[in-house]
1. Could you name the lysines whose alpha carbon sits less than 26 Å from that of LYS283, not counting residues in the same chain fewer than 8 places away?
2. For the range 110-129 and the range 320-396, what is the centre-to-centre distance using only Cα atoms, to the nearest Å?
3. At a Cα cut-off below 16 Å, give the lysines reachable from LYS46, other chains included and same-chain residues fewer than 8 away excluded.
4. Quick one: work out the % antiparallel among DSSP beta bridges in the range 390-539, nearest 5.
5. In the set [x] 66, 62, 42; [y] 75, 53, 52; [z] 65, 64, 50, which value of Cα extents along the principal axes in Å was calculated from the structure you see?
6. I'd like the Karplus ³J(HN,Hα) series for the range 194-202: coefficients 6.51, -1.76, 1.60, θ = phi - 60°, whole numbers in Hz, and an x wherever there's a Gly or Pro.
7. What is the sum of charges, Lys and Arg at +1 and Asp and Glu at -1, for the other residues whose Cβ falls under 12 Å from the Cβ of LEU59?
8. Give the separation of the Cα centroids, the range 255-314 to the range 23-83, in Å.
Amino acid sequence: MAYEKIWANEPDQLSKDELRKLEKDGLDILNDIEKYAEGGFDSIPKEDWSLFKWAGLYLQKPKEAGYWMMRVNIPSGVITNEQAEVLAGIGKDYGRDVIDITTRQAIQYHWLTIEQIPDIYKRLESVNLSAVGACGDIPRTIVGNPLAGLDPNELMDTREIVEDVYRFFQRNPDFSNLPRKFKMSISANVHNAGHDRINCVAFTPAVKEIDGEEVIGFHVKVGGGLSAKPYLAEELDLFIRPEQVKAVSIAIATIYRDFGYRQKRHRARLKFLIADWGVEKFKEKLLEYTGELPSKGICQLKEWNGGYFYGVHPQKQEGLSYVGFNVPVGRMNSDEWFDLARIAREYGNGEIRTSNSQNLIIPNVPNEEVDALLQEKLFERIKLEPKNFIGYSVSCTGIEYCNLALVETKERMRRVAEYLDEHVSIDVPVRIHMIGCPNACGQRQIADIGLQGVKMKTKEKGMVEAFEIYVGGTLEKDVAQFNEKLKGKIDADELAPALAAFLRYYEENKEANEVFFDFAQRVGMEALQSALDEILNLAS
């Protein structure tokens, strides 16, 4: 029996997007793809353009040109060898060789046409992959531990849990009309590989003594999210057994669906409901759906690893290692992906794992094969031990393909990072995230240094691309916070030398091995602002 859309009874309280979704559910666009593919882009009514998000598709810039960006869900970032070959083939045949790894472990393509989508879908389905729900007002792909099942630093293998929850929500019409997107994280990695505090819902590793026995399970956080008004997820006073994760996920999604806000789209995420209700009221509502659950146990999270797994490391399985590599700003080409699949097959068990730092891991490599693997030519660019700045740089898609972006980001971040690696030497990594608009797909709020693209008016050049600087973000367990904005804008053409000067201030004033977050906390925002002011004054 279908659920009741209780919000439909008050149409004057709904945004235009909500009214459109009452006319046509987002998943219904899947029934039209073959028809539109036969008729070509011009056969698609403009009112249906936005519904393609449910199919994992966004129109690139300019929309009228008819080229699509597609995301493919990769739950927990686990890719089989067959899947890797198919992903590489799609990039080669249809995506002009551009294959991006996203900050949610997904795979992203560009330059697709509507005529190509049916074949792409068939290829994905042949290896149990899907783009459905990778975008849209629907549960998105589930972020997880990319080392699930082989991680010495996990409490349990979460792959089956993630797969079960993901499959439940896939193409499920009961949850295809949420107020906005719904992002989940499920990880038992003690270094917070799932970025718990920036997800709508996050399950994190915990233990609790129940009836005299230590039980491994999860704590659950709700209400995280970035964009123009970011919120850190807050923890509920509940302990969730592994077998209860699915039921709790469904209950949270149901509450969000039925009580989430639909009047104003910019206030429709779960984070706003949590902010208004508070965690205690939300917990009580949740228990109405799940029945009684135990109170919290003991959190098992330790230091945050930022989603980075570089180097060669032993797995749980004796004699096997996983090998973590840097993909500069997450971008590869299809030939590299074919080569990657071959290497994973020859030296490992064929699997590839993606991380939410836009990087990748080859697991299950026999220790005696590691040296030979590292001699492969691919790893001259996709490095095991990257330099500090390119190795810890993240970027969104930017104006190259995205309709929302104000500035170019992807290649710019790569060039800036390479400049910094040439001109600045620091004994610890500095995480730099660049985004092209406030939607924050590049997650600039959690970076040591966040760069947000804006437009700036200058006397000499008129309107130019520029960046604002934010400092001091982290998801460390006890001090998690978003970075704070420094006053001033930097012309994009001057960004690299200005950042180099700012980082030299850090280098000259930091203590040995002092990470940027600790430095920012010690010297304070006023000192950082003064340093930036001096740099901007010298440049003007």
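Any read-out appearing in this document is the output of simple, stated calculations on the displayed coordinates, not a laboratory observation. The shown structure was predicted, so the numbers you read here are calculated from the model rather than taken from an experiment. Here the Cβ positions follow ideal geometry from the backbone for every residue, glycine too, while neighbour counts run over all protein chains shown.
1. LYS5, LYS181, LYS183, LYS208, LYS221, LYS229, LYS246, LYS264, LYS271, LYS296, LYS302, LYS477
2. Using only Cα atoms, the two centres lie 25 Å from each other.
3. Result set, ordered by chain and number: LYS16, LYS21, LYS24, LYS35, LYS61, LYS63.
4. That works out to approximately 70 percent antiparallel.
5. Label [z] holds the value from this structure.
6. x, 6, 3, 7, 10, 9, 4, 9, 9
7. Once all neighbours under 12 Å are counted, the net charge is +2.
8. Centre-to-centre distance over Cα atoms comes out at 29 Å.
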